Amino acid sequence: MDHRAIRIRPRYTRRLTDPGVELKEANCSHVQLDWEIPIGQAALVCVDVWDRDLHTDMRREDDRVTRERIVPVLAACRRAGVLVIHAPAWPTAEREANWVGLVDHTQAAPPWPDSPAWPPQDFRARVGPYARYARPREPRAAECDQVANPPGFHPLVRPVGDEPVIGVGEELHRLCARRGVLHLVYVGFHTPGCMTGRTYGLPAMHRYGYTCILLRDCTNGMETHETWPDRTSMRGCIAFLEQTGIYTLTSEQFIDGLPQPPAS
């Protein structure tokens, strides 16, 4: 049995204050905990670390973060023997030889047996009498269709050896159950999108009951003309996660907490 441990100080944001301190948001501050995680109970999850994206400025920043931050984390995890899991989304996952194939991703999760069939299907599709509520189709939608033309892995973050590849959250959950994983450390893109919205993202896996930790310098935001200068979208999303059950670290803090490689 491997008795080595990962020693880290994960950060979160308190929503309450100490007795005697005024209960207002300006007094809600960061807290760091002291943890030792058995190395066999941890995994690094690489979310949507692709070889391309739609926006030129986003792609440049993604590539910089990948090369300068994610690659060193990945290398350190491989040296230490931390399980590395790749989560590139569909249909990229199913094209990879290491895809674990634990669930049929084409089958939606069944609803509650007595759940009402509502809203109507025409409303869901925004057709017929509800077409006026549809969001206008982007004129470059076909050109930018990432399902018809799916991205691949970033060349520096491809699976190595038998590193598993998953496509949906239930697949990640079943893989973790098989491997005894309880703590998930996340890197990848993008914090306000796939990191929070995918079925294998931080909030979804937190709801399963896992410890979820974001390496906050190993991601990027989905910015707009208003938020881009200060990366407000990314920073706001990290603040949201830290207040809702998710923890964060920097890449350096995580690497420093990894144990020495196992004795050969």
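Each value in this text was obtained by applying a stated rule to the coordinates, not by laboratory testing. A quick note: this is a predicted structure, and the numbers were derived from the prediction, not measured. Neighbour counts are summed over all protein chains in view; Cβ atoms, including those assigned to glycine, are modelled from backbone coordinates with ideal geometry.
For this structure, a couple of remarks:
- For the pair Thr232 and Asp2, label points projected 7 Å from Cα toward Cβ lie 4.4 nm apart.
- Separation of alpha-carbon centers, segment 92-157 and segment 176-248, rounded to whole Å: 21 Å
- Cα gyration tensor shape of segment 1-69, rounded if a/c is under 1.5, else prolate or oblate by comparing a/b with b/c: oblate
- Neighbours of Asp104 by Cβ distance under 11 Å: Lys/Arg scored +1, Asp/Glu scored -1, total -3.
- In the chain, helical runs assigned H by DSSP with n ≥ 4 each contribute -39500 (n - 2.57); averaged across all residues and rounded to the nearest 500, the mean residue ellipticity at 222 nm is -7000 deg cm²/dmol.
- Looking at the chain alone, DSSP beta bridges between its own residues are antiparallel in about 30 percent of cases.
- Estimated vicinal HN-Hα couplings, Hz - segment 127-138 in sequence order (Karplus 6.51, -1.76, 1.60; Gly, Pro = x): 10, x, x, 9, 4, 5, 8, 6, 6, x, 6, 5
- Lys, Arg +1 and Asp, Glu -1 on Cβ, resulting dipole of the chain about Cα centre, debye, nearest 20: 120 debye
- Using θ = phi - 60° in the Karplus curve 6.51 cos²θ - 1.76 cosθ + 1.60, the 3J(HN,Hα) couplings for segment 182-191 round to 10, 10, 10, 10, 10, 9, x, 9, 10, 4 Hz; x is entered for Gly and Pro.
- Estimated distance in nm for a label pair at Arg179 and Leu16, the labels positioned 7 Å out from Cα along Cα-to-Cβ: 3.5 nm
- Spin-label pair Asp104/Gln41, simplified geometry with 7 Å Cα→Cβ offset, distance in nm: 3.6 nm
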